[in-house]
1. Could you tell me whether any residue of segment 238-247 is within 14 Å of the ligand (Cβ to nearest atom) and of a type in the set (A, V, I, L, M, F, W, C)?
2. Please determine whether any residue of segment 230-238 is assigned to a loop (DSSP other than H, G, I, E, B) and without any contact (Cβ under 8 Å) to a residue 40 or more places away in the chain.
3. Taking only pairs six or more apart or across chains, which ones have beta-carbon atoms under 8 Å, a first residue in segment 275-289 that is farther than 9 Å from residue 302 by Cβ and away from the ligand (no atom under 16 Å from the Cβ), and a second residue that is at pLDDT below 95 and in a loop (DSSP other than H, G, I, E, B)?
4. In the list 258, 225, which residue meets the criterion of being among the acidic types (Asp, Glu) and in contact (Cβ under 8 Å) with a residue 12 or more places away in the chain?
5. Just the residues that are at pLDDT 90 or above and either under 22 Å from the mean Cα position of the chain (by Cα) or more than 13 Å from the ligand (Cβ to nearest atom) (or both), please, taken from segment 345-359.
6. Take residue 341 and tell me if it is under 29 Å from the mean Cα position of the chain (by Cα) and at pLDDT below 95.
7. Could you list all residues from segment 131-170 that are touching a helix residue (DSSP H, G or I) at 6+ places or on another chain (Cβ under 6 Å), in a strand (DSSP E or B) and either surrounded by fewer than 17 Cβ atoms within 10 Å (Cβ to Cβ) or on the phi > 0 side of the Ramachandran plot (or both)?
8. Give segment 319-334 a look and list any residue that's crowded, with 18+ Cβ neighbours inside 10 Å and either free of Cβ contacts under 8 Å to residues at least 12 places away in the same chain or more than 8 Å from the ligand (Cβ to nearest atom) (or both), or say none.
Amino acid sequence: MTLHGKKILLGLTGGIAAYKAAELARLLVKAGAEVRAAMTDAATRFLAPTTLQALTGQPVWTDLWDARVRDAMGHIALSRDRELIAVAPASADFLAKAAAGLADDLLSALVLARRCPLLVAPAMNVEMWENPATQRNVERLRADGVLVAGPVAGDQACGETGMGRMLEPEALLAEIEAAFQPKLLAGKRVLVTAGPTEEPIDPVRVVTNRSSGKMGYAVARAAREAGAEVTLVSGPVALAAPWGVRRVPVRTAREMFEAVRENVGGCDVFFAVAAVADFRPRQPAQAKIKREGLGRLAIELEPNPDILAWVTAQQNAPFCVGFAAESENLSANAEAKRRKKGVPLLAANLAPQALGADDNEITLFDARGAHPLGRAPKLELARRLVAHVAALLPQAR
Ligand code: C5P
């Protein structure tokens, strides 16, 4: 329930992407939001108001002069208690009206009369999007503090290909969730490592571990939500990259090390969340190892580079956060590791329970002592971690 109790006004304007807004409404309700929908006349040509009414469980508003609203003050009453207005799809015409402050129908009037943040998800033909008039309007909206989510490039309903597709509902949900997070890392650059590494034994076999990457991906997402520009160096995992995060996929510890070296310059914070293999087979076989004729097989291992140690040793190193998966004696081991690794902050969790799970229990260790973050979903813990780091940053740099 990432949007538990949040009061959102979902606005729809005329565009074929309105069908995706029905799915967005469903996702918002599932995430716990209280969704009120308003549609322009053109939107009702693409999607029936009854569809949205069924999905949100609330009446859908289309008319500035709706007699159901007291004192004919619909444009004020319907937006006053809202915490966010999200307009998806936002047509070129709507963007122009919102940029100019026009209010000649219910939705544009609601938007003009709002007290809450506004997020728009543009959706239109590529030529309409690229038209200087639309670009000017979008710039103006951005300058007014409006959050512009998308569009993306791809196939369009008109048969053309190009910029102008509305974001998919899941991505829009992530943007809306992000809109509710404080921008604690605005203007900061963040590098995250996540997942396991794979160290080849032969062309088909690897040494790896059971890290799912979920904690690292949650940290990357939380940092992005907090306004940072995020690069995620990821070992092989079965997760989609968080929306808005640049992912650099790697397999081995040495590839991860290389990717970190290439991307760490200019970073403010480095979260080393990856479960990097400490050792790798010294001489991976060139061909698949055959069982026949082998009584036993010994694989000689050699150490991998310690990526976090390398980053902390750099001049101008970013603020470094280490992760420790301990299976016993959490406090003593974690504080010892923090000192050994020379990091200002170490996040410690009890390993076997956390691996692959959606929940985790983390305690932070810094120069002032231990700070238990409690047990919670990994994304929630990642947000608490980001808040802790943001509070330490001015002192550290
Ligand atoms: O020493 P240990 O492996 O427990 O330390 C864990 C921390 O160090 C994690 O933050 C992990 O991402 C990082 N690490 C690393 N490179 C390694 C091993 C660990 O960055 N080769």
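1. Looking through segment 238-247, none of the residues is within 14 Å of the ligand (Cβ to nearest atom) and of a type in the set (A, V, I, L, M, F, W, C).
2. Yes, some residue in segment 230-238 is assigned to a loop (DSSP other than H, G, I, E, B) and without any contact (Cβ under 8 Å) to a residue 40 or more places away in the chain.
3. 289/297
4. 225
5. The first filter runs over segment 345-359 and keeps only residues at pLDDT 90 or above, leaving 345-348.
Within segment 345-359, 347 is the sole residue that qualifies.
6. yes
7. Listed by number, the residues that qualify are 162, 164.
8. 319, 320, 330, 334, listed by residue number.
The values are calculated or read from the model by the stated rules, or taken from the named source; none is laboratory data. Small disclaimer: the values here were computed from a predicted structure and weren't measured. With ideal geometry, Cβ positions are generated from the backbone for all residues, glycine too; neighbour counts draw on all protein chains shown.
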